[in-house]
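Undergrad: Structure in structure tokens, see below.
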Number of protein chains: 4
Amino acid sequence: MNLRAGIVGFRGYSGAELVRILEHHPNAEPVLLEHRSDSEDRPLPRGHKGPARAPATAEAVKSEGLAVVFLATPHDVAMQLAGPILDAGARVVDLSAAFRLGNGASYLRWYKEEHTAQHLFAQAVYSIPELHRDQARNARLIANPGCYPTAASLALAPLARAGVIHRAAGVICDAKSGVSGAGRKPSLKTSFCEVTENFSAYSILDHRHVPEVLMNTGLEEAQFSFTAQLLPTHRGILETIYFRAPGISSAAALLDIYEQAYANEPFIRLYDPGKVPDLAAIQRTNFCDIGLKFDPATGRAVVVAAIDNLVKGAAGQAVQNMNLALGLPETAGL
Amino acid sequence: MNLRAGIVGFRGYSGAELVRILEHHPNAEPVLLEHRSDSEDRPLPRGHKGPARAPATAEAVKSEGLAVVFLATPHDVAMQLAGPILDAGARVVDLSAAFRLGNGASYLRWYKEEHTAQHLFAQAVYSIPELHRDQARNARLIANPGCYPTAASLALAPLARAGVIHRAAGVICDAKSGVSGAGRKPSLKTSFCEVTENFSAYSILDHRHVPEVLMNTGLEEAQFSFTAQLLPTHRGILETIYFRAPGISSAAALLDIYEQAYANEPFIRLYDPGKVPDLAAIQRTNFCDIGLKFDPATGRAVVVAAIDNLVKGAAGQAVQNMNLALGLPETAGL
Amino acid sequence: MNLRAGIVGFRGYSGAELVRILEHHPNAEPVLLEHRSDSEDRPLPRGHKGPARAPATAEAVKSEGLAVVFLATPHDVAMQLAGPILDAGARVVDLSAAFRLGNGASYLRWYKEEHTAQHLFAQAVYSIPELHRDQARNARLIANPGCYPTAASLALAPLARAGVIHRAAGVICDAKSGVSGAGRKPSLKTSFCEVTENFSAYSILDHRHVPEVLMNTGLEEAQFSFTAQLLPTHRGILETIYFRAPGISSAAALLDIYEQAYANEPFIRLYDPGKVPDLAAIQRTNFCDIGLKFDPATGRAVVVAAIDNLVKGAAGQAVQNMNLALGLPETAGL
Amino acid sequence: MNLRAGIVGFRGYSGAELVRILEHHPNAEPVLLEHRSDSEDRPLPRGHKGPARAPATAEAVKSEGLAVVFLATPHDVAMQLAGPILDAGARVVDLSAAFRLGNGASYLRWYKEEHTAQHLFAQAVYSIPELHRDQARNARLIANPGCYPTAASLALAPLARAGVIHRAAGVICDAKSGVSGAGRKPSLKTSFCEVTENFSAYSILDHRHVPEVLMNTGLEEAQFSFTAQLLPTHRGILETIYFRAPGISSAAALLDIYEQAYANEPFIRLYDPGKVPDLAAIQRTNFCDIGLKFDPATGRAVVVAAIDNLVKGAAGQAVQNMNLALGLPETAGL
């Protein structure tokens, strides 16, 4: 019998992606949890009802027999709902940033507001499965990572662990994301006429996804420069990452570090030296694709990492984490 | 010395286009009139101030010496502001639908709300200059036409006047518009992720622009079927119009009717038989381009008309109307 | 054991979609058949080999044990390859137009060139499964329909059979397609800078997909007016279809005809009266979605039908036809 | 009387932009010079002839009385045509890369082919007017800069001259360009379906525009890392530039260097500290907009520079250079 997985925020872009993935999951089925902040549905063809629905309450968690609830909501809603849902016996995979930074002080610094559920940090586990798999197994509250940090961390963590990055020279991550990363709530910044044929940078040097990358790589803030930029596309993140690796002799040697780190990873794909992924390679998949160019004469390295912000950057990784937490095959449904 | 032309709603797409046109107009200059409903400005480079600003009040009309005020606002704002501005001595070119339909009853039927400035209908002049030039000269209150009806009326009026359309067989106007036609106010329908890679039909058979086409062509409602559709483009309208012309012998004969009607029109461009315009032909211009295909064996005609919804469909035509009202050269600034 | 299905033209957009579908098909697996006219591959991640490959020859059909070969090629290549492949013992599903029109004369008229494999017409079966299911079962050579005619025929055939269309008043089909419908071969017309922010009509009244609609609906050429138009989207077809149904009393009555015709069809979805599909509803699916608006006072009907041109309009329908021909479950892999 | 300016390559995107600018230039008028390599025209409305035409020959230069000829052609065509045109008495503004690098050896290294008109290097002047104005005055053969180097050089040259860049730590230029930068010749890489909803990096660390930036800034190759990336937009370049400025105390201090360098420049616009331009700010203009973010604690600087690749990056700058060469007002027509 399938596990039942609740989704709060199922009308948002990440939430809708969760519904889509769970509808095809061999071991789970979605239950749409209505919450007051939700916006309008997409129209359905005649006679199509969609998944089961219930209110986003602790009572419903019990009466619907939910094994897990995904929170694809604003941060404050996640802080408010996580505790009651956990108390009602379900696991929680939180796609908001509420529990990512490990403590209230860090949350306050980067998100500029008080954290209202700090007692839950003790049981919260931050998990990019390729980097934190063991912690995610059997976890009750998983902080699903941000989209930008997922790509940057997967590209940088193996190299940082191997000690090949010249940290003092700094690491640059020039990131570009499709518009769905900004959510479904209408705003001028995400209006078609403001985005089409346009491209813009924002949150230069102070994006709130930066601390996640520092956590995952051990880099210090002064060593990591990050720019977020808005692409006129629906989905996809591509990050162009620059650093120096003075002790490395060739592109193949750099690539070898990735190959060892990710030898058995089903969702990491590497490219031959000099080849790099584009967005088309990863859209609608849970893959993180990584390619690189290296200049042996100067030690300059450029790594390109690409993910779908709604899949590996949100809903896909959330299901991967759910699979780990519930002891299911990690790739199930993906 | 330049005439001063106020613009209410200068932050909207039509309003911004008015500013752009008037900044390059040889006889006029824009004054931005602040109104409470306005949204945020686009950021300006350092040291660039943009045009003069004043409040959208009758007092400012006098103190700023405005010869004309453009209302690029919602219908209700236009109803509220038009009277006081006229009383203060300026002419009004209204880009909303407030004064297009000639009376309150028609407005109520199509716009589903009471008209609150019905006393002004007596002096309101509806003007597509190519069809209503004489009425527009020296007019004090001009109802600037809707974007869809401008293209449809310019394509159909000469043929309707010439009596070549088989009215009983019906006229179909399948219209497609860029997203800026929906205005700058954020909404889910105009969000990038909802529009890109998408195409959708709306207001099938009951779009409120229909009565304008009927007024301008003499067609009856049962004879004119109209569908509006949303293109994933910033700007541009293309209408594909189908009808039967049983008394016409060739494409050239049909084209000849247009050539006679529009012989001296600076903003109408025709195409050789079988050739039709695309959006690229007219974007950022005040042209209405018309081309056609005709099947002599069956009398079936297909006319394609294209305009830029923000120029000939809004701001450009509004300036053309202003030029007529103020006795300036009709093409000035265009 | 899986059936092996060859694909000639696997680098084109329809061909790549065939590969994608067959890689997930429970009863079949793809074999890429190299043919001289093929263009360049998309780069693959390191270590990913993709499906098996073989030359597009009769010998390979035998040595690879192919049960079926898909021809996603230009018309002339299909005419050249179909015979040898059939002789080698495989079934053929031809996505080109080579065998759609039933005879060489009709092909010559619409495609302006001599047909070089007319002896194969005798065994060719044209199949939109919802309309020609019985013929497709066990067929050896299937002519897979054109993308535009699939949507138009599914929208019109049930009404034409029910006799509710006022044929003398004419049927208008205003069709819009994404760019992938034009194929992957580079051309100015499909270059990004020519298409983005643009929209254009082509082949007005003489598109070569017209005869397929006439075949499938019984309409005469003078009764059916068709315009093809290029949308700035990757994929998707939306057709807005206008006609009169004087004997129909309501939208519900019109919809009822569809419900009866398509009661058990897994790939047809209908909408409540007044609701119509958009492209997003059907992209990357094998569905044909149909919705309508009806004006009882005048008998005017507007039907909107939408399909993905690469799936229900090409590769998906081709696999649906393969399933029928081979006796597999019709929805397998879709 | 207007000067006559020939354009070879007028059907390309840069060439068409030249035609558009020169048609509105107060002192010049375009003459379209036909050359065998040219592709098809855009269709014109009935009765519209467009500018004068002549063959791209030395004879026509004389008989048409051309004061200047723009070469918006492939490099090899420019090498072949420049000499005869100069000999015929016209000045040449070359938009290709033929004469940018100053000598044949450098051309061979970066463009991988022999230079066939090396005798012309002696009179060739490379000119971004804001950096090389004096050399451009009265020049006979102007090498118009590449699009990427124009933005990067305008952003970096004042800082490099002021000595504030920490060169050993390296300068990163992460550049993004619209598709028109790749020219109008059809190719798979610029096909709509390959570009829409996609984003890709190319020529990482070895783009042939790099040497121009080195020339203009004095940076060494090992100090300057450049990545070119393809945006799904028609036009516009945005470059995000990273470096360290350890001796600078604030964003205002860094901005002050630009303000002094560009105090009287009509085509450079700066932004308040922390504000940066987007593509919409500069599309269809000859402006180069520059904004920056600076972190005083670590000396990290991020500069964003944006230009329209077809205007300041090609045709606009070419006309600016023509104006300088011919002694016209530098901003004429722009």
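The values are calculated or read from the model by the stated rules, or taken from the named source; none is laboratory data. Note that the coordinates shown come from a computational prediction; the quantities given were computed from them, not determined experimentally. For neighbour counting, all protein chains shown are included, and Cβ atoms are generated from backbone atoms with ideal geometry for every residue, glycine included. Accessible surface is based on the protein model in full, side chains and every heavy atom, while ligands, DNA and RNA are left aside. Shrake-Rupley method; radii C 1.70, N 1.55, O 1.52, S 1.80 Å.
Undergrad: Here are the criteria: (1) within 30 Å of B:HIS234 (Cα to Cα); (2) in contact with a Leu (Cβ under 6 Å, 6 or more places away or on another chain); (3) aliphatic (A, V, I, L, M). Tell me which single one A:ALA136 does not satisfy.
TA: Answer for A:ALA136: the failing condition is (1).
Undergrad: For B:VAL179, indicate whether it is closer than 20 Å to B:CYS288 by Cα, of a type in the set (A, V, I, L, M, F, W, C) and either modelled with pLDDT of 95 or more or buried (at least 24 other Cβ atoms within 10 Å of the Cβ) (or both). Before you say what the answer is, go through the steps one by one.
TA: Numbers: closer than 20 Å to B:CYS288 by Cα: yes; of a type in the set (A, V, I, L, M, F, W, C): yes; either modelled with pLDDT of 95 or more or buried (at least 24 other Cβ atoms within 10 Å of the Cβ) (or both): yes.
Here the answer is yes, as B:VAL179 does meet what is asked.
Undergrad: Within region A:283-302, track down each residue that is in contact with a Leu (Cβ under 9 Å, 6 or more places away or on another chain) and either among the aromatic types (Phe, Trp, Tyr) or outside any loop (DSSP other than H, G, I, E, B) (or both).
TA: Answer for region A:283-302, where residues must be in contact with a Leu (Cβ under 9 Å, 6 or more places away or on another chain) and either among the aromatic types (Phe, Trp, Tyr) or outside any loop (DSSP other than H, G, I, E, B) (or both): A:CYS288, A:ASP289, A:ILE290, A:GLY291, A:LEU292, A:LYS293, A:PHE294, A:ASP295, A:ARG300, A:ALA301, A:VAL302.
Undergrad: Would a scan of region D:103-120 turn up a residue that is free of Cβ contacts under 8 Å to residues at least 12 places away in the same chain, closer than 30 Å to B:LEU292 by Cβ and not β-branched (Val, Ile, Thr)?
TA: Within region D:103-120 (the criterion being free of Cβ contacts under 8 Å to residues at least 12 places away in the same chain, closer than 30 Å to B:LEU292 by Cβ and not β-branched (Val, Ile, Thr)), the answer is no, since none of the residues qualifies.
Undergrad: For region C:195-212, enumerate the residues that are facing chain B (nearest Cβ under 9 Å), in a loop (DSSP other than H, G, I, E, B) and in contact with a strand residue (DSSP E or B) (Cβ under 7 Å, 6 or more places away or on another chain). Spell out the reasoning first.
TA: In the first step, residues of region C:195-212 are kept if they are facing chain B (nearest Cβ under 9 Å); the result is C:196-202, C:204-206.
This time we only want the ones that are in a loop (DSSP other than H, G, I, E, B), so: C:196-199, C:204-206.
Correct list: C:PHE199, C:ILE204, C:LEU205.
Undergrad: Being of a type outside the set (S, T, N, Q) and open to solvent by 10 Å² or more (accessible area, probe 1.4 Å) is true for just one of D:LEU18, D:LEU81. Which residue is that?
TA: Values: D:LEU18 fails: open to solvent by 10 Å² or more (accessible area, probe 1.4 Å).
Result: D:LEU81 is the single residue among D:LEU18, D:LEU81 that is of a type outside the set (S, T, N, Q) and open to solvent by 10 Å² or more (accessible area, probe 1.4 Å).
This table checks each residue for (1) of a type in the set (A, V, I, L, M, F, W, C); (2) in a strand (DSSP E or B); (3) open to solvent by less than 10 Å² (accessible area, probe 1.4 Å).
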site: C:ALA252; (1), (2), (3): yes, no, no
site: C:LEU255; (1), (2), (3): yes, no, yes
site: C:GLN260; (1), (2), (3): no, no, no
site: C:PRO266; (1), (2), (3): no, no, no
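Undergrad: Go through (1) closer than 22 Å to D:LEU231 by Cα; (2) among the β-branched types (Val, Ile, Thr); (3) outside any loop (DSSP other than H, G, I, E, B) one by one and return the number of the condition A:THR150 breaks.
TA: (1)
For (1) among the small types (Gly, Ala, Ser); (2) more than 18 Å from the chain's Cα centre (by Cα); (3) modelled with pLDDT of 95 or more, each residue gets a yes or a no:
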{"site": "C:ASP256", "(1), (2), (3)": "no, yes, yes"}
{"site": "C:ALA261", "(1), (2), (3)": "yes, yes, yes"}
{"site": "C:PRO277", "(1), (2), (3)": "no, yes, yes"}
{"site": "C:PRO296", "(1), (2), (3)": "no, yes, yes"}
{"site": "C:ALA306", "(1), (2), (3)": "yes, no, yes"}
{"site": "C:LEU310", "(1), (2), (3)": "no, no, yes"}
{"site": "C:LEU328", "(1), (2), (3)": "no, yes, yes"}
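Okay, residues lined up against (1) assigned to a helix (DSSP H, G or I); (2) open to solvent by 10 Å² or more (accessible area, probe 1.4 Å); (3) of a type in the set (A, V, I, L, M, F, W, C):
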{"site": "C:GLN135", "(1), (2), (3)": "yes, yes, no"}
{"site": "C:ILE142", "(1), (2), (3)": "no, no, yes"}
{"site": "C:PRO145", "(1), (2), (3)": "no, no, no"}
{"site": "C:LEU156", "(1), (2), (3)": "yes, no, yes"}
{"site": "C:ALA175", "(1), (2), (3)": "no, no, yes"}
{"site": "C:LEU214", "(1), (2), (3)": "yes, yes, yes"}
{"site": "C:ALA222", "(1), (2), (3)": "yes, yes, yes"}
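Undergrad: Of the residues that sit in region B:30-77 and are within 14 Å of chain D (Cβ to nearest Cβ) and small (Gly, Ala, Ser), which one is nearest to B:LEU95 (Cα to Cα)?
TA: B:GLY50
Undergrad: Oh, and also: Can you tell me which residues in region B:1-15 are loosely packed, with under 15 Cβ neighbours inside 10 Å and within 14 Å of chain D (Cβ to nearest Cβ)?
TA: Applying the first criterion (loosely packed, with under 15 Cβ neighbours inside 10 Å) to region B:1-15 yields B:1-2.
The answer is none; no residue qualifies.
Residues are listed down the side, and each one gets a yes or a no for (1) within 14 Å of chain B (Cβ to nearest Cβ); (2) among the hydrophobic types (A, V, I, L, M, F, W, C):
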{"residue": "C:THR233", "(1), (2)": "yes, no"}
{"residue": "C:GLU239", "(1), (2)": "yes, no"}
{"residue": "C:PRO246", "(1), (2)": "yes, no"}
{"residue": "C:LEU255", "(1), (2)": "no, yes"}
{"residue": "C:ALA263", "(1), (2)": "no, yes"}
{"residue": "C:ALA305", "(1), (2)": "yes, yes"}
{"residue": "C:LEU324", "(1), (2)": "no, yes"}
{"residue": "C:THR331", "(1), (2)": "no, no"}
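Undergrad: List pairs: first residue in region A:167-181 and more than 17 Å from A:GLY12 (Cα to Cα) and at the interface with chain D (Cβ under 8 Å from one of its Cβ atoms), second residue open to solvent by less than 10 Å² (accessible area, probe 1.4 Å) and of a type in the set (S, T, N, Q) anywhere in the structure, Cβ distance under 6 angstrom, at least six positions apart or on different chains.
TA: Listed by first residue and then by second, the contacts come to A:ILE172/A:SER225; A:ASP174/A:THR227; A:ASP174/A:THR240; A:ASP174/D:THR240; A:LYS176/A:GLN229.
Undergrad: In region D:185-202, what residues are farther than 19 Å from C:ARG184 by Cβ and either in contact with a Pro (Cβ under 8 Å, 6 or more places away or on another chain) or at pLDDT below 95 (or both)? Spell out how you get there, then give the answer.
TA: Pass one, region D:185-202, residues farther than 19 Å from C:ARG184 by Cβ: D:199, D:201-202.
Within region D:185-202, D:PHE199 is the sole residue that qualifies.
Undergrad: Would you check if there is a residue in region D:39-55 being open to solvent by 50 Å² or more (accessible area, probe 1.4 Å), touching a strand residue (DSSP E or B) at 6+ places or on another chain (Cβ under 9 Å) and polar (S, T, N, Q)?
TA: no
Undergrad: Looking at (1) more than 17 Å from the chain's Cα centre (by Cα); (2) assigned by TED's automatic domain parsing to the domain that holds A:GLU221; (3) not aliphatic (A, V, I, L, M), find the lone condition where A:SER180 falls short.
TA: (1)
Undergrad: All but one of (1) facing another protein chain (nearest Cβ under 7 Å); (2) more than 28 Å from C:PRO296 (Cβ to Cβ); (3) open to solvent by less than 20 Å² (accessible area, probe 1.4 Å); (4) not in a helix (DSSP H, G or I) hold for B:PRO186; state the number of the condition that does not hold.
TA: Single failed check for B:PRO186: (3).
Undergrad: Go through region A:26-128 and tell me which strands (runs of 3 or more DSSP E), entirely inside it, have 1 or more residues that are of a type in the set (Lys, Arg) and at negative phi.
TA: Working: elements: A:28-34, A:52-55, A:66-71, A:91-94, A:124-126.
Correct list: A:52-55, A:91-94.
Undergrad: Does A:TYR107 satisfy the criteria of being out of contact with any helix residue (DSSP H, G or I) (no Cβ under 7 Å at 6 or more places or on another chain), over 25 Å from A:GLY327 (Cα atoms) and open to solvent by less than 50 Å² (accessible area, probe 1.4 Å)? Walk me through how you get there before you give the answer.
TA: On the way: out of contact with any helix residue (DSSP H, G or I) (no Cβ under 7 Å at 6 or more places or on another chain): yes; over 25 Å from A:GLY327 (Cα atoms): yes; open to solvent by less than 50 Å² (accessible area, probe 1.4 Å): yes.
It is true that A:TYR107 is out of contact with any helix residue (DSSP H, G or I) (no Cβ under 7 Å at 6 or more places or on another chain), over 25 Å from A:GLY327 (Cα atoms) and open to solvent by less than 50 Å² (accessible area, probe 1.4 Å).
Undergrad: Of the residues A:ARG284, A:ARG300, which is open to solvent by 10 Å² or more (accessible area, probe 1.4 Å), farther than 23 Å from A:VAL213 by Cβ and not β-branched (Val, Ile, Thr)? Break it down stepwise before answering.
TA: Details: A:ARG300 fails: farther than 23 Å from A:VAL213 by Cβ.
Step by step, each of A:ARG284, A:ARG300 is checked, and only A:ARG284 is open to solvent by 10 Å² or more (accessible area, probe 1.4 Å), farther than 23 Å from A:VAL213 by Cβ and not β-branched (Val, Ile, Thr).
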